[in-house]
Each structure stands twice: as C-alpha cells, then as structure tokens.
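*Asks:* Sharing a structure here in structure tokens format.
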Amino acid sequence: MSSTQQVHVEDAPSRGRFEISVDGQVVGMASYHVDDGVMTLPHTEVSPAVAGRGLGTVLVAAVLASARERGLSVLPYCSFVRHYLQQHPADQDLVRPDDRPHFGLPLTAR
C-alpha cells in the first residue's frame, strides 16, 4: 500500500457491515449484527486484488474499536477476527470471559 492511497473504514449499518475502501473503492467488509449489547462478527473478507497489504487488520482493528466505543462485547465467529484477537491480547477483553474458551482465547484477558 503506497502512502498516497487513502484508506477509510466506515460503518454501513443499513448493510450490516463495516466497509474498508482504498481511494474511494470498497475493497473489503466485515459483517456484523448487534443484539443485547453483543456484536456478533460472522465474516470478514478483503478483495484478493489487495491481499497482503494489511487491510484486513486495519478493518478488524476499526470494528473492534467501534465495539469498544459503543460498550459492546464481541463474538468473534470469523476466523480472521479470532486470529487478530490472538495476536492482539489487549483487545481480548471485548470477548466476555464465559465466551473466550469457545473461541480459543484465554480466560483472562492480558
């Protein structure tokens, strides 16, 4: 990704997803739904045309930041989100302790 490209993540609640765009073109999304204070994250995808540039990581970081700002816990059914959480222990507190074993996360957030 060149430094001149504009990367933007936006919540598109009417479509039930966050979208990541590069120079105004949507290249990825993370679907979600919110119920009873819990954001369920079933699927994330980034176009193969832009794979390997870290855009999935940028997208998931923005989604989790939004969940935190909104006071929501998360259910990371998406394997990419689970992998992100395993690599970023500071965000594991977004998954309730009772739910962490189901997603392969430690009981206590680090």
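*Asks:* Of the numbered conditions (1) in a helix (DSSP H, G or I); (2) without any contact (Cβ under 8 Å) to a residue 24 or more places away in the chain; (3) out of contact with any helix residue (DSSP H, G or I) (no Cβ under 9 Å at 6 or more places or on another chain), residue 8 satisfies every one except a single condition; which is it?
*Replies:* So residue 8 meets the others, but not (1).
*Asks:* Also: Filter segment 71-94 for residues that are under 17 Å from residue 36 (Cα atoms) and either without any contact (Cβ under 8 Å) to a residue 12 or more places away in the chain or small (Gly, Ala, Ser) (or both) and give the result.
*Replies:* 71, 73
*Asks:* For segment 70-80: of the residues being in contact with a Phe, Trp or Tyr (Cβ under 9 Å, 6 or more places away or on another chain) and not in a loop (DSSP other than H, G, I, E, B), which is nearest to residue 9 (Cα to Cα)?
*Replies:* Looking at residues that are in contact with a Phe, Trp or Tyr (Cβ under 9 Å, 6 or more places away or on another chain) and not in a loop (DSSP other than H, G, I, E, B), I get 74.
*Asks:* May I pose another question? Answer yes or no as to whether residue 30 is surrounded by 14 or more Cβ atoms within 10 Å (Cβ to Cβ) and at pLDDT 95 or above.
*Replies:* When the stated conditions are applied, residue 30 passes them.
*Asks:* Among 67, 61, 90, which is the only one that is touching a Phe, Trp or Tyr at 6+ places or on another chain (Cβ under 8 Å) and small (Gly, Ala, Ser)?
*Replies:* 61
*Asks:* Are any residues in segment 81-104 in a helix (DSSP H, G or I), among the basic types (Lys, Arg) and more than 13 Å from the chain's Cα centre (by Cα), and if so, which ones?
*Replies:* Hit for segment 81-104 is 100, nothing else.
The values are calculated or read from the model by the stated rules, or taken from the named source; none is laboratory data. In this text the structure is predicted, and so the values were computed from the model without any measurement. Glycine gets a Cβ as well: all are built from the backbone with ideal geometry, and neighbour counts include every protein chain shown.
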